[in-house]
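Colleague: Below is one structure. I have some questions about it.
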Amino acid sequence: MNKERLAAFTDAVLAIIMTILVLELEKPKQISWAGLWDLRANFFAYTVSFFWIGLMWATEHTHWQKVKKISESTVYTSLLMLFLSSFFPYTTSLVASNFNNSTAQALYGIVILAVTFSNLAISKTLKTANPGISFGWLYDVSNRSVFIDVAIKVIGLVLSVTIFPMAMMYAIFLGMVVLTTDGIIENR
């Protein structure tokens, strides 16, 4: 299989997942600004999920430009990542409806961390298949940024389960800011 075919498949599945996210948004009980405001947790959960998947997609496509070939391990690891990503509409819906629930937040965080680790595994398979390319833990993203991102997510998960249920969602948002900011600074 060539990298373009895998990239196209990944694009299609992620696009479907992102579309399902918006379909899972709750409708307001009354169509008014107050009714929409009551759904602010839903919109926040949707926004974080949408942009997290979008950032993952953009990072992959930006850095896959260097890839010359993929391995069978890359294909199967990508399938695992897509499988785990397919849980986003479900977990986003749970968090959106139960924003202050530690179990909903923890489940969402576990999916986020599982997708993160599967992306790290994809990067490793690409590094093995393309020994001349200098990939770090996650493509060309600095290992420091990846470490900070994962640490923030793990701390968010621990805080969600123990004392502050909403910590997971905020940790994911903060991790996105770290990765995006670091990417902008590195490209200058």
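The values are calculated or read from the model by the stated rules, or taken from the named source; none is laboratory data. Since this is a predicted model, take the numbers as computed values, not measurements. Here Cβ is always computed from backbone atoms with ideal geometry, including for glycine, and neighbour counts include all displayed protein chains. To get the accessible areas, we keep the full protein, side chains included, count just its heavy atoms, and leave off ligands, DNA and RNA. Shrake-Rupley method; radii C 1.70, N 1.55, O 1.52, S 1.80 Å.
Colleague: Probe radius 1.4 Å, ligands and nucleic acids ignored: give me the carbon and sulfur share of the accessible area of the chain as a rounded percent.
Modeller: The nonpolar share, carbon plus sulfur, comes to 68 percent.
Colleague: I've got another one for you. 7 Å from Cα along Cα→Cβ at both Leu80 and Lys29: what's the point-to-point distance in nm?
Modeller: Taking the simple label geometry, Leu80 and Lys29 are separated by 4.4 nm.
Colleague: Moving to a separate point now. Tell me the label-point distance for the pair Gln65, Phe51, using the 7 Å Cα-to-Cβ offset, in nm and rounded to one decimal.
Modeller: That separation, rounded to one decimal, is 2.3 nm.
Colleague: List the GluC sites (Glu not before Pro) in the range 1-37 that DSSP assigns to loop (not H, G, I, E or B) and whose Cβ has at most 14 other Cβ atoms within 10 Å. Which are they?
Modeller: Glu26
Colleague: Take each complete run of DSSP H in the chain, measure how far its Cα atoms stretch along the helix's own axis, and keep only those covering 15 Å or more with mean Kyte-Doolittle hydropathy at least 1.0; list them.
Modeller: Membrane-span-like by this rule: 3-23, 72-85, 143-162, 167-186.
Colleague: Right, something else. Based on the alpha-carbon gyration tensor of the range 125-188 and its eigenvalue square roots a ≥ b ≥ c, which shape applies: rounded if a/c is under 1.5, prolate if not and a/b is larger than b/c, or oblate?
Modeller: Note, shape of the range 125-188 comes out oblate.
Colleague: Starting from the Cα-Cα distance between Trp37 and Ser97, subtract it from 0.36 nm times their residue separation and give me the gain in nm to one decimal.
Modeller: 20.2 nm
Colleague: Further, regarding this structure: Check Val141: other-chain or 5+ apart residues with amide H under 5 Å from its amide H, H built from backbone geometry?
Modeller: HN-HN under 5 Å from Val141: Gly136.
Colleague: Here's something else I'd like to know. When the chain is treated as a GNM, springs tying every alpha-carbon pair under 10 Å, which of Asp11, Asp38, Asp140 comes out with the largest mean-square fluctuation?
Modeller: Among Asp11, Asp38, Asp140, the largest GNM mean-square fluctuation belongs to Asp38.
Colleague: In square angstrom, what is the accessible area per residue of the range 25-126 with a 1.4 angstrom probe?
Modeller: Spelled out: the 1.4 Å probe surface of the range 25-126, per residue, equals 51 Å².
Colleague: Please tell me the relative contact order of the range 107-172 in percent, rounded to the nearest whole number, where contacts are Cα pairs under 8 Å and at least six residues apart.
Modeller: For the range 107-172, the relative contact order is 30 percent.
Colleague: Still on this structure, I have one more. Once you have the alpha carbon radius of gyration of the range 1-83, what is it after dividing by 2.2 N^0.38 Å, with N set to its residue count?
Modeller: 1.45
Colleague: Looking at the chain, I'd like the Rg to Rh ratio, where Rg is from alpha-carbon atoms and Rh is Kirkwood's inverse mean 1/r.
Modeller: Ratio of gyration radius to Kirkwood radius for the chain: 1.00.
Colleague: Going down the table (Lys68/Lys127; Lys66/Lys127; Lys69/Lys153), which pairs top 22 Å between alpha carbons?
Modeller: Correct reply: Lys69/Lys153.
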